[in-house]
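Everything below concerns the one structure shown next.
Please treat every number below as a calculation from the coordinates, not as lab data. Remember, predicted model here, so these are calculated numbers, not experimental data. Here Cβ is always computed from backbone atoms with ideal geometry, including for glycine, and neighbour counts include all displayed protein chains.
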Amino acid sequence: MVSFELSEEQRMIRNTVEAFAREEIRPAARPADETGTIPEELVAKSWELGLVAGPIPSEFGGLDDQRSAVTGAVVAEELAFGDLAIALHMLAPRLIAYPVLEMGGDDQRKRYLPMFAGDRFVPGTAAIIEPRYDFDLGDMATVARRDGSGYVLEGHKCFVPLAQESRDVLVYAAMKGEPSGLSGVAGFIIAHDTPGVTISEREKNMGIKALATYELTLKDCRISSEARLGGASGTKLNFPRLTSEARVALGAMGVGVARAAYEYARDYAKERKAFGAPIATRQAIAFMLAEMAIEVDASRLLVWQAAATLDKGDDALKQSYLARNYAAAAALKITDNAVQVLGGHGYIREHPVEMWLRNARGFSSFEGLATV
Amino acid sequence: MIDFELGTELCQRRDALRSIARDVIRPISREYDEREHERPTKFWELMWNASRQAELRPGTAPRGGEKSDKARSPEYRNLATIVLTEELCWGDAGLYLSIPNPGLGGAAVAAAGTPEQKERFLKRFREGAPKWGAMAITEPGCGSDSAAVTTTAVRDGDQWVINGTKIFCTAGEMAVDKSEGFVVVWATLDKRAGRAGIKPFVVEHHTPGMSVIRVENKLGIRASDTAALVFDDCRVPLDHILGSPEIQREGGFKDVMATFDATRPIVAAMAIGVGRAALDFVRDFLAEQKVTIRYGLSPRRLSAVERDFMEMEVQLEAARLLAWRAAWMMDVGQRNSLEASMAKAKAGLAVTQITQKAVELMGPLGYSRRFLIEKWMRDAKINDIFEGTQQINLLIIARRILGYSSKELT
């Protein structure tokens with residue numbers, strides 16, 4: 001039956017992560033954006049929240065939490081409310097750990113999961129996005145073909161977070177000879193020093209500047225069949241589900257960024273005076289804020305709906321796609337409006353709204369960059 | 001726990017109404033759009049007899065916040081109301097509004113009346129011949145500014161004497177002199193008291209001094225009559241005032257607001273029903289034209305039509321979730337003024353845009369009265385106007401999120 005209430009446990013988690021986002025992440029956001037580095041102590045502190053190790057079984061050192069897309073959406077929203085780049089950094093290890101957790105072969109689980117359930121942050125990542133205007137998850141240009149008992153990978157990836165810092169990269173590629181579409185995608189866990197793998201200098205992006213991202217080139221990259229995610233046959237890999245989870249995560253992060261901008265603009269508008277009164281008392285500003293409030297809530301509900309569908313084990317591909325696109329567009333509009341509410345001050349780097357606008361613009365490019 | 005699935009029982013009732021909407025309402029939809037002011041009496045009889053479920057009738061669902069045995073309504077009656085409203089309005093929003101029911105008058109009784117008054121005034125909707133309830137608040141000189149009503153109520157012995165003119169009264173004619181219904185009239189006891197002096201009065205059908213002077217011709221929802229009423233020394237018994245006759249400093253006007261908290265999600269649901277009608281039609285139309293909507297592709301690979309259609313679809317879903325939330329909050333006893341206005345503002349505008357886009361997507365055929373698309377565009381527009389315009393709802397939302405009073409943010 002319909003309910004719009006988080007469970008007791010989810011509320012507790014939200015409060016904890018929200019406090020962390022407000023008190024720890026937010027103050028670090030601007031310096032991180034300017035310098036391109038995230039303080040190690042902050043990342044270490046986030047590790048104590050169990051953001052990655054939570055759902056990993058205790059036999060691998062994890063916390064045995066039940067994995068829930070709704071809870072994941074709540075956490076992702078709060079972290080991104082703090083800062084998107086820092087959130088993506090903290091959650092990057094999930095990109096390899098969770099697919100292995102859910103869909104890896106037994107050997108893969110034994111080999112990789114303990115690494116992400118230890119007592120400190122270990123970078124991990126996945127290579128998904130490709131540098132093409134019409135990049136599409138279901139039509140990757142990176143291709144894997146069988147070669148004897150192993151595979152050969154060819155292709156070009158970009159926006160790979162922490163590629164240089166991570167020992168292993170989960171690379172997604174289309175299987176040669178198989179029909180295109182999401183179910184034709186295979187995953188391969190590749191050590192980043194494997195011959196044929198080249199990782200570029202760090203990318204320079206418009207936003208999320210604190211997140212280290214890289215291009216990754218695969219040229220005649222030969223790997224063994226054990227590297228294929230989901231066991232040697234790859235049959236356990238459910239890429240449509242991973243796609244849905246990623247969309248929920250990114251949608252939730254869009255909500256977080258949008259909410260940050262909305263709240264900042266709202267509070268500013270109550271303080272800033274023009275013509276003798278706070279600008280929030282003028283309908284031109286007040287109505288913008290009202291629309292921003294509606295869209296934050298609407299985006300969140302759409303994201304939660306897709307997440308709840310995932311938690312029931314049902315197909316959420318369409319829901320998560322529409323929700324993510326909606327949240328991405330809303331985040332862009334809301335952050336832009338926030339800059340507008342602040343006027344000239346919004347354009348100055350003293351206030352965070354310009355940074356949020358730059359960050360929000362990225363959601364149309366960040367396919368697969370996070371998961372719940 | 002977050003859950004967006006309706007229970008089995010509600011799904012069954014929804015499906016039953018879906019059949020009525022498809023098999024009974026839709027076939028006469030165009031007819032009563034073209035023949036404005038004609039009365040679909042057969043349809044009314046059918047709905048009156050078939051739909052004895054209280055949930056079909058806005059106004060009879062108890063507010064969750066009330067201290068009654070339904071305080072935490074296990075049936076989620078407000079949610080059920082909006083789910084079912086969507087179905088009927090998928091059939092036809094004008095015909096939905098014309099269905100004999102307590103209407104907004106009933107909603108006012110439910111929100112502001114004592115338990116005794118609720119029983120006395122609402123009982124009639126469970127028995128006898130079809131009846132209508134109506135609400136009269138808007139005046140020629142005040143619409144959104146409902147605190148400025150000039151209609152007066154003066155006590156004279158054991159009666160209230162009401163004088164004034166009201167317009168835009170949905171089902172007013174049916175409630176006033178074509179059935180044994182009633183009109184809830186908002187009138188001021190003391191203009192100097194401002195909104196605190198404004199009180200709702202139940203005026204029974206055929207009360208001398210109350211008359212219908214006009215039934216409006218409209219852009220859409222033509223199957224629903226919209227009346228202008230005059231009250232000329234219209235006398236009603238003392239116990240026909242809803243709530244307290246005392247003019248509290250802040251109290252009185254809250255009754256109006258409480259009514260809106262209940263009805264705005266319903267208006268949102270009406271809009272959503274019309275929007276879904278248009279969306280379903282366009283989906284089938286595009287399929288016939290061999291256009292497939294390819295969900296999941298990079299937006300850069302989609303056609304403009306696909307992008308438009310997906311946008312319409314997700315906007316509608318966003319509006320629906322906001323409406324469900326607002327209704328659900330009432331069911332669990334939470335104050336929902338903010339969320340009700342959010343749902344109404346979102347749905348009213350989204351569906352106005354969805355139906356306009358639907359006309360565009362069908363090309364010249366969208367403009368033709370051969371199809372109902374053009375009608376839905378006309379019908380949709382009212383949802384962005386009545387029960388608080390888009391702008392009034394934004395104003396309410398803004399006041400709430402900013403913590404401003406109606407004096408601080410005008």
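Count the DSSP beta bridges whose two residues both fall in the protein assembly as shown, then state the antiparallel fraction as a percent rounded to the nearest 5.
Percentage antiparallel, nearest 5: 85.
Once label points are set 7 Å from the Cα along Cα→Cβ at both A:Ala44 and A:Ser180, what is their separation, rounded to one decimal in nm?
4.8
For the stretch B:227-353, what log10 I(q)/I(0) values come out of the Debye formula at q = 0.13, 0.16, 0.18, 0.23 1/Å, with one point per alpha carbon and no solvent?
The calculated log intensity ratios at q = 0.13, 0.16, 0.18, 0.23 Å⁻¹ are -0.71, -0.89, -1.00, -1.20.
Return the FRET efficiency for the residue pair A:Thr198, B:Leu302: r is the Cβ-Cβ distance, R0 is 35 Å, and the value is rounded to the nearest 0.05.
So the FRET efficiency works out to roughly 0.60.
Give me the one-decimal Kirkwood hydrodynamic radius in Å for the stretch B:342-406, with the sum taken over alpha-carbon pairs.
About 12.9 Å for the stretch B:342-406.
Residue by residue through the stretch B:226-242, what is 3J(HN,Hα) from phi via Karplus (6.51 cos²θ - 1.76 cosθ + 1.60, θ = phi - 60°)? Round to whole Hz and write x for glycine and proline.
10, 10, 10, 10, 10, 10, 10, 6, 7, 9, 10, x, 4, 7, 9, 7, 8
Is it possible to state the helix-based mean residue ellipticity at 222 nm for chain A, with each DSSP H run of 4+ residues giving -39500 (n - 2.57), the sum divided by total residues, to the nearest 500 deg cm²/dmol? What is it?
-15000 deg cm²/dmol
How much length is gained on full extension from A:Thr37 to A:Glu23, taking 0.36 nm per residue of separation minus their Cα-Cα distance?
This chain segment gains 3.2 nm when fully extended.
I'd like the mean, over residues of A:290-303, of how many other protein chain beta carbons sit within 10 Å of each residue's own Cβ.
Going residue by residue through A:290-303 and averaging, the value is 6.
What are the extents of the Cα atoms of the stretch B:181-240 along their three principal axes, in Å, largest first?
Principal extents (largest minus smallest coordinate, Cα): 37, 26, 17 Å.
For a label point 7 Å from the Cα of A:Asp267 along Cα→C-beta, name the residues of the stretch A:14-31 whose backbone N is under 15 Å from it.
Taking a point 7 Å out along Cα→Cβ of A:Asp267, the residues of the stretch A:14-31 whose backbone N falls under 15 Å are A:18-30.
Under the classification rounded if a/c is under 1.5, otherwise prolate if a/b is larger than b/c and oblate if not, where does the stretch B:317-375 fall, given a ≥ b ≥ c as square roots of the Cα gyration tensor eigenvalues?
Taking the square roots of the gyration eigenvalues as a ≥ b ≥ c, the stretch B:317-375 is prolate.
Between B:Asp15 and B:Asp233, what FRET efficiency follows from the Cβ-Cβ distance if R0 is 51 Å, with the result rounded to 0.05? Each step should come with its number before you reach the end.
On the way: r = 50 Å, r/R0 = 0.99.
Efficiency, rounded to the nearest 0.05: 0.50.
Can you list residues whose amide H is under 5 Å from B:Thr170's amide H, if they're 5+ apart or on another chain and H is modeled 1.01 Å from N?
B:Met135, B:Ala227
Quick query: amide H of A:Ala127 versus all other amide H atoms, modeled in the peptide plane; which residues come in under 5 Å with a sequence gap of 5 or more or a different chain?
Hits under the 5 Å cutoff: A:Leu170, A:Val171, A:Tyr172.
Report, largest value first, the span of the C-alpha coordinates of the stretch B:133-240 along each principal axis, in whole Å.
Cα spread of the stretch B:133-240 along its principal axes, largest to smallest: 40, 29, 18 Å.
Ratio of Rg to Rh for chain B, alpha carbon only, Kirkwood?
Reported Rg/Rh, Kirkwood definition of Rh: 0.97.
Using amide H atoms built in the peptide plane, which far-off residues or other-chain residues are under 5 Å from B:Ala187 H to H?
Amide H neighbours of B:Ala187: B:Lys199, B:Phe201.
Let me know the shape class of the stretch A:42-142, please: from the alpha-carbon gyration tensor, a ≥ b ≥ c as square roots of the eigenvalues, rounded when a/c is under 1.5, otherwise prolate if a/b is greater than b/c, or oblate.
oblate
What list of ³J(HN,Hα) values in whole Hz, one per residue of the stretch A:294-304 in order, does the Karplus curve 6.51 cos²θ - 1.76 cosθ + 1.60 (θ = phi - 60°) give from phi, with Gly and Pro shown as x?
With the stated coefficients, the stretch A:294-304 comes to 4, 6, 4, 5, 4, 4, 4, 5, 5, 5, 5 Hz.
Using 7 Å Cα-to-Cβ label points, what is the B:Ala287/A:Glu9 separation (nm, one decimal)?
Simple spin-label model gives 4.0 nm for this pair.
State, to one decimal in nm, how far the label point of A:Thr16 lies from the label point of B:Ala129, with both points 7 Å from Cα in the Cβ direction.
Using points 7 Å along Cα→Cβ, the separation is 6.7 nm.
From the phi angles alone, apply the Karplus equation (6.51, -1.76, 1.60; θ = phi - 60°) to the stretch A:253-269 and give each ³J(HN,Hα) in whole Hz, x where the residue is Gly or Pro.
With the stated coefficients, the stretch A:253-269 comes to 5, x, 4, x, 5, 4, 5, 4, 5, 4, 5, 5, 5, 4, 5, 4, 5 Hz.
Arrange B:His206, B:His240 by Cβ neighbour counts within 10 Å, fewest through most, would you?
B:His206, B:His240
If you take each beta carbon of peptide A:5-18 and count the beta carbons of other chains within 10 angstrom, what is the mean?
1
I need the peptides A:108-120, A:124-136 ranked by packing, meaning the mean over residues of other C-beta atoms within 10 angstrom, with the highest value on top.
Packing proxy ranking, top to bottom: A:124-136, A:108-120.
Just the projected area, averaged over all directions, of the convex hull on the alpha carbon atoms of the protein assembly as shown: how many nm²?
Working: hull surface 138.3 nm².
Approximately 34.6 nm², given one-decimal rounding.
Using the Kirkwood radius over C-alpha pairs as Rh, can you work out the diffusion coefficient of the stretch A:1-90 via Stokes-Einstein at 20 °C, viscosity 1.002 mPa s, in µm² per second?
154
What average number of partner chain Cβ atoms lie no more than 10 Å from the Cβ of the residues making up B:387-400?
Per residue, the number of nearby Cβ atoms from other chains is 3 on average.
Which lysines have a Cα less than 24 Å from the Cα of A:Lys45, not counting those fewer than 8 places away in the same chain?
Answer for A:Lys45, where 24 Å is the Cα cut-off: A:Lys209, listed by chain and number.
For chain A, what log10 I(q)/I(0) values come out of the Debye formula at q = 0.10, 0.11, 0.14 1/Å, with one point per alpha carbon and no solvent?
-0.60, -0.72, -1.15
For q values of 0.17, 0.19, 0.25 Å⁻¹, compute log₁₀ I(q)/I(0) with the Debye formula on a Cα-only model of the stretch A:125-227, without solvent.
With no solvent term, the Cα-only Debye profile gives -0.72, -0.89, -1.41.
Among all the aspartates and glutamates, which ones have a C-alpha under 14 Å from B:Lys344's C-alpha, if same-chain residues fewer than 8 places away are not counted?
A:Glu291, A:Glu295, A:Asp297, B:Glu86, B:Asp261, B:Glu317, B:Asp384, B:Glu387
Give me the aspartates and glutamates in straight-line cross-link reach of A:Lys236: C-alpha distance below 14 Å, same-chain residues under 8 apart excluded.
Qualifying aspartates and glutamates at Cα under 14 Å: A:Glu102, A:Asp106, A:Asp107, A:Glu226.
Just order B:129-141, A:48-60 by mean Cβ neighbour count inside 10 Å, highest at the front, would you?
Per-residue mean Cβ counts within 10 Å order the peptides as B:129-141, A:48-60.
Residue separation times 0.36 nm, minus the C-alpha to C-alpha distance between B:Arg26 and B:Lys407: what's the value?
This chain segment gains 132.6 nm when fully extended.
Round to the nearest 0.05 the FRET efficiency obtained for B:Asp145 and A:Lys236 when R0 = 60 Å and r is the Cβ-Cβ distance.
0.40
Output the pairs from A:Lys318/B:Lys375; B:Lys178/B:Lys254; B:Lys218/B:Lys375 with a Cα-Cα distance over 21 Å in this structure; if there are none, say none.
Listed pairs above 21 Å: A:Lys318/B:Lys375; B:Lys178/B:Lys254.
Given 5 Å bins starting at zero, what is the percent of C-alpha pairs of the stretch B:256-300 in each, up to the one with the largest pair distance?
6, 18, 13, 14, 14, 12, 9, 7, 6, 2, 0
Run through the DSSP bridge list for the stretch A:125-227 and note the antiparallel percent, rounded to the nearest 5.
So the antiparallel bridges amount to about 85 percent of the total.
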